[in-house]
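Just so it is clear, none of the values below were taken in a lab; they were calculated from the coordinates. Everything quoted here is computed from the prediction, not taken from an experiment. Reconstructed Cβ throughout: ideal geometry from the backbone, glycine too, with neighbour counts over all protein chains shown.
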Amino acid sequence: MIDKTTSKDIFIYYLFSFCLGFYIANGTTVLFERVLGFSYSQVFILGAFYMLMFILFEVPSGAFADLLGRKKTIALGCLLLTLGAITSGLSNNFWQLFLSFFLWAAGFSCISGASEALLYDRLKDEEQYAKVLGKSKFYFLGATALAAIVGPMLFAQDFRYPYLFSAVPFLAAGIAILFFSSEDIKGKFTLREHLNQIKIGGQFAFKNKFILWAMGALALTFAIWYNLSNSFQPFLQDIGFTIKEFSFLLPAIFLAQAAGGFFAGSLLKALGETKIFILGILLFGISVGLAGYLGIKLSLVFILSYSFLLGILQTVISVYANRHIESSHRATVISVQSMAATVSAALTLFLFGFLTDKIGLSKLFIILGGLALGVGVLLLIFKPRETSDPPVLDANRL
């Protein structure tokens with residue numbers, strides 16, 4: 001039975017997720033860059049450098065959250081996103097947009113590790129965490145779907161509006177999370193403690209076989225997702241859809257991912273973690289490859305399938321990873337995982353950014369599907385076996 005205080009915190013987390021997900025420019029970012037005159041190579045290169053920017057902020061922000069507080073770090077992240085939305089919307093060329101992306105990277109870094117750590121330690125129940133996290137992703141992506149309707153409409157009025165209006169929900173998300181009642185960290189921040197926190201979290205992330213496997217699974221799914229997020233908008237145009245139709249296409253894609261997150265907890269309980277990983281990873285790669293192989297409007301079915309599976313895998317990977325992390329270093333270790341994922345996304349974006357102008361988007365989808373399937377099979381083969389007493393972080397042994 002969930003008490004009233006916990007119920008209130010869950011509601012606030014859902015509200016925070018919804019506001020954070022109402023990123024109005026999400027469905028028009030590539031179109032914005034194309035209006036500014038960017039080539040596909042420039043779009044991919046900018047995306048790759050954006051991912052590399054996370055290296056500067058991911059782990060330090062996670063350590064900051066573990067030492068000084070998750071709520072404060074999340075609220076700071078929302079403020080940085082607010083400023084990022086405004087500066088991006090006012091950009092006129094490649095380098096102005098490039099510099100504005102530092103704010104986005106810093107903002108999302110502050111939120112990524114801290115938000116999961118805040119929720120997991122508040123609930124202290126793996127099954128409940130899976131359900132709440134999955135539903136929070138549903139609200140996040142449901143808001144993204146609504147934003148995908150609003151975004152193209154605003155874009156049609158002025159291509160800068162989607163970015164500029166995104167500042168409002170980001171600011172609201174930061175205000176909402178401040179009402180979350182649980183905050184058990186009251187440490188004193190020092191540079192020495194901060195560096196030590198980064199060291200311990202980093203060592204554990206790369207030495208613990210369970211965290212290392214989860215890192216690989218996250219890196220794979222994130223790299224594939226990020227490459228597709230930089231290409232599926234023009235891909236939909238290439239296979240015959242119009243920008244006006246994006247008003248229902250993009251919401252459908254986001255809602256499919258939201259549905260995956262929403263049902264992840266129930267599927268995890270019904271099928272078990274192992275079957276979820278096997279079916280999810282294999283079908284994930286197949287769906288991406290088939291979308292590119294067909295190259296017609298029917299490809300949308302496989303894009304929706306990939307999105308649904310992504311929602312499931314993101315939730316289950318989070319549950320798997322958090323099970324093996326001690327509370328006092330949770331945000332730091334999660335941030336190390338996120339940093340590894342962004343590096344993998346950046347490296348593949350550099351590669352595929354140069355290739356896409358030459359081979360076309362359909363072949364890119366086929367290559368990404370093959371990559372997801374090949375690496376996914378290797379991950380499943382080398383997945384470590386669980387024990388009855390999963391190892392947790394012990395700073396004295398590092």
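For the chain, state the semi-axes of the equivalent ellipsoid (square roots of 5 times the eigenvalues of the alpha-carbon gyration tensor), sorted largest first and rounded to whole angstrom.
31, 25, 20
Order of Cys19, Cys110 from fewest to most other C-beta atoms within 10 Å?
With the sparsest Cβ surroundings first, the list reads Cys19, Cys110.
Assuming R0 = 22 Å, what is the FRET efficiency of Gln203 and Ser327, from their Cβ-Cβ distance, to the nearest 0.05?
Numbers: r = 17 Å, r/R0 = 0.79.
Calculated transfer efficiency: 0.80.
From largest to smallest, what semi-axes in whole angstrom does the stretch 295-354 give when each is the square root of 5 times an eigenvalue of its alpha carbon gyration tensor?
Result for the stretch 295-354: semi-axes of 30, 19, 5 Å.
Report the percentage of all Cα-Cα pairs in the stretch 64-182 whose separation exceeds 26 Å, rounded to a whole percent.
Of the Cα pairs, 27 percent sit more than 26 Å apart.
Out of the stretch 97-153, which trypsin sites (Lys or Arg not before Pro) are coil in DSSP terms and have no more than 16 other C-beta atoms within 10 Å? It would help to have the intermediate numbers written out before the result.
On the way: sites: Arg122, Lys124, Lys131, Lys135, Lys137; in loops: Lys124.
When the trypsin sites (Lys or Arg not before Pro) of the stretch 97-153 are filtered for loop state and at most 16 Cβ neighbours within 10 Å, Lys124 remain.
In terms of the Cα gyration tensor, with a ≥ b ≥ c the square roots of its eigenvalues, is the stretch 137-247 rounded because a/c is under 1.5, prolate because a/b exceeds b/c, or oblate?
oblate
If I build a Gaussian network model for the chain, linking alpha-carbon pairs within less than 10 angstrom, which residue out of Leu36, Leu349, Leu103 has the largest mean-square fluctuation?
Of Leu36, Leu349, Leu103, the most mobile in the Gaussian network model is Leu36.
For the chain, modelled as a GNM with alpha-carbon contacts under 10 angstrom, which of Ser41, Ser166, Ser17 fluctuates the most?
In the Gaussian network model the winner is Ser41.
Return a whole-number percent for the relative contact order of the chain, with Cα pairs under 8 Å and 6 or more residues apart as the contact set.
After rounding, I find 29 percent.
What range in the chain is the longest one free of chymotrypsin sites (Phe, Trp or Tyr not before Pro) that are in a loop by DSSP and have at most 13 other Cβ atoms within 10 angstrom?
It runs 190-381.
So what's the stretch 220-292 giving for Rg/Rh, alpha carbon basis, Kirkwood Rh from the mean inverse pair distance? It would help to have the intermediate numbers written out before the result.
On the way: Rg = 14.4 Å, Rh = 14.0 Å.
Across the stretch 220-292, the Cα-based Rg/Rh ratio is 1.03.
Running a GNM on the chain with Cα contacts under 10 Å, which residue among Ile334, Ile303, Ile381 ends up with the highest mean-square fluctuation?
Fluctuation is largest for Ile381.
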